[in-house]
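The values are calculated or read from the model by the stated rules, or taken from the named source; none is laboratory data. What you are looking at is a predicted structure, and each value in this text was computed from that prediction instead of being measured. Don't worry about glycine lacking a Cβ; one is built from the backbone with ideal geometry, like all the others, and counts go over all protein chains shown. In case anyone asks, the SASA skips ligands and DNA or RNA and just uses the protein heavy atoms, side chains included. Shrake-Rupley method; radii C 1.70, N 1.55, O 1.52, S 1.80 Å.
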Amino acid sequence: MPARSALIDRRSFVKAAGSLFLAGLSAPAAFALERADAVYATGIKTPDGRFALALMGEDGGFISRIALPDRIHGLTVSPATDAVAAFARRPGTFILVLPPSGSETIVNAVPDRHFYGHGAFSPDGRFLYASENDFENRRGVIGIYDARQDYIRIDEYSTYGIGPHDLSVTPDGRFLIAANGGIETHPDFGRTKLNLDHMEPSLALIDAANGALVEKHALPAALSQLSTRHLALGAEGRIWFACQFEGPRNETPPLVGHIAPGEALSFTPLPEDVTIGLGNYVGAIAANSRDGLIGLTSPKGLVVTLEEATGRVISTGKLENAAGIADAAHGFAVGTYDGLFAGSRHDVAFDQHAVRLIGNSV
């Protein structure tokens, strides 16, 4: 049976959001939700310093917002149950889950762990996986939360690396994919990077059934300061990764590449002017499998679209403070740290990641 699309319909989304969310919708917001061909979720910061999860239409207009205890980072949608999870920014300690029924749930980190800002659902929706830091033992772990038991933490797997950031699952559910950024941190030092002179970046494929290491793709020594950060699943389950360089500013290492189970790691060469424009920092990556595209953003002010089949750069666009990116009906919708979303201006700061919840293909 083919994997179900992660894009959900309005009825499922409304059910997932719960009664408290619906009660909080104004009449214009409810009307906007009914008419929207696409709905996106992303974190925002309001002018008074508060944080929220914002729901945005494909026209860049606000639909609603849900208050948060602190700043979030990455988001994920269950392809089976339509639950939505938003992860606290490193070194945060909460996950907000909008479950298939009822009101939102807050999942708290266990002692001696904090979240790295990303996670993913198993294809059947049974488990929620979160990238976490076992900071006392200087290792990355994947926390496993049971959706059928109010998201209690039932186990953890090693990521076989340091500083795991993004986390994904292959469409068949067999493998977890951990982007081990290779950067050591400790909550006593906030967001300070403690080992920039001896980083250990890698990508790991882990057996979802038992936590065993299946493959580990360590970056070569010459690229030891290239932190593997974010992931996107392209066509046929190909795993795309984007990097942030922590080395000298005058170097221009490769910033994006891909792997697949059983294949070697491969970097996608970008033109030098594109690499320079990205400022050695890809902040977010997204796949649009319908159009066969990969999208990249950099807060340095560049949005790049690649043809997935060839890695060829199709387009580049200047967009200052570019942040979250998610697939659109054609191409991508992009938010910025200074208030743009899908071309519309707002008096908020949009955060680094966005996810598409409702799509016009369903």
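Miscellaneous remarks
- For the chain, alpha-carbon Rg and Dmax in angstrom: 18.9, 57
- Dimensions of the stretch 124-209 based on its C-alpha atoms, expressed as ranges along the principal axes with the largest first, amount to 41, 24, 17 Å.
- Taking each DSSP H run with n ≥ 4 as -39500 (n - 2.57) and averaging over every residue of the chain yields -2500 deg cm²/dmol at 222 nm.
- 3J(HN,Hα) from dihedral phi, the stretch 157-164, Karplus parametrisation 6.51/-1.76/1.60, rounded to Hz, x for glycine, proline: 10, 6, 8, 6, x, 10, x, x
- Value of D in µm² per second that Stokes-Einstein yields for the stretch 44-166, Kirkwood Rh from Cα pairs, at 25 °C (0.890 mPa s): 165 µm²/s
- For the stretch 96-137, the calculated P(r) over all alpha carbon pairs, in 5 Å bins from 0 to the bin holding the longest distance, is 5, 18, 25, 25, 16, 7, 3, 1 percent.
- Spherically averaged projected area of the stretch 290-345 from its Cα convex hull (nm²): 3.6 nm²
- Within the stretch 304-362, none of the chymotrypsin sites (Phe, Trp or Tyr not before Pro) combine a DSSP coil assignment with at most 16 other C-beta atoms in a 10 angstrom radius.
- Once the 1.4 Å probe is applied to the protein heavy atoms, the chain comes out at 41 Å² accessible per residue.
- In the complete set of protein chains, residue-level accessible area for Asp166 is approximately 20 Å², probe 1.4 angstrom.
- Accessible-area value, Glu272, 1.4 Å probe, nucleic acids and ligands omitted, Å²: 120 Å²
- Stretch gain in nm, segment Ala309-Gln149, where the contour uses 0.36 nm per residue and the Cα spacing is subtracted: 53.5 nm
- Counted by Cβ distance under 15 Å from Leu270, the other residues give a net charge of -3, where Lys and Arg count +1 and Asp and Glu count -1.
- Gaussian network model of the chain, springs between alpha carbon atoms under 10 Å - residue of Pro69, Pro99, Pro254 with greatest fluctuation: Pro69
- Translational diffusion of the stretch 154-285, estimated by Stokes-Einstein from the Kirkwood radius over alpha carbon pairs at 4 °C in a medium of 1.567 mPa s, is 85 µm² per second.
- Element breakdown for the stretch 53-157 at a 1.4 angstrom probe: carbon and sulfur atoms account for 43% of the accessible area.
- Over the stretch 205-362, equivalent-ellipsoid semi-axes from the Cα gyration tensor in Å: 25, 21, 15
- Per-residue Karplus couplings for the stretch 84-98, computed as 6.51 cos²θ - 1.76 cosθ + 1.60 with θ equal to phi - 60°, are listed in order as 10, 10, 10, 9, 4, 5, 3, x, x, 10, 9, 10, 8, 10, 9 Hz, Gly and Pro entered as x.
- Accessible area in the full protein assembly, largest first, 1.4 Å probe, for Arg113, Arg153: Arg153, Arg113
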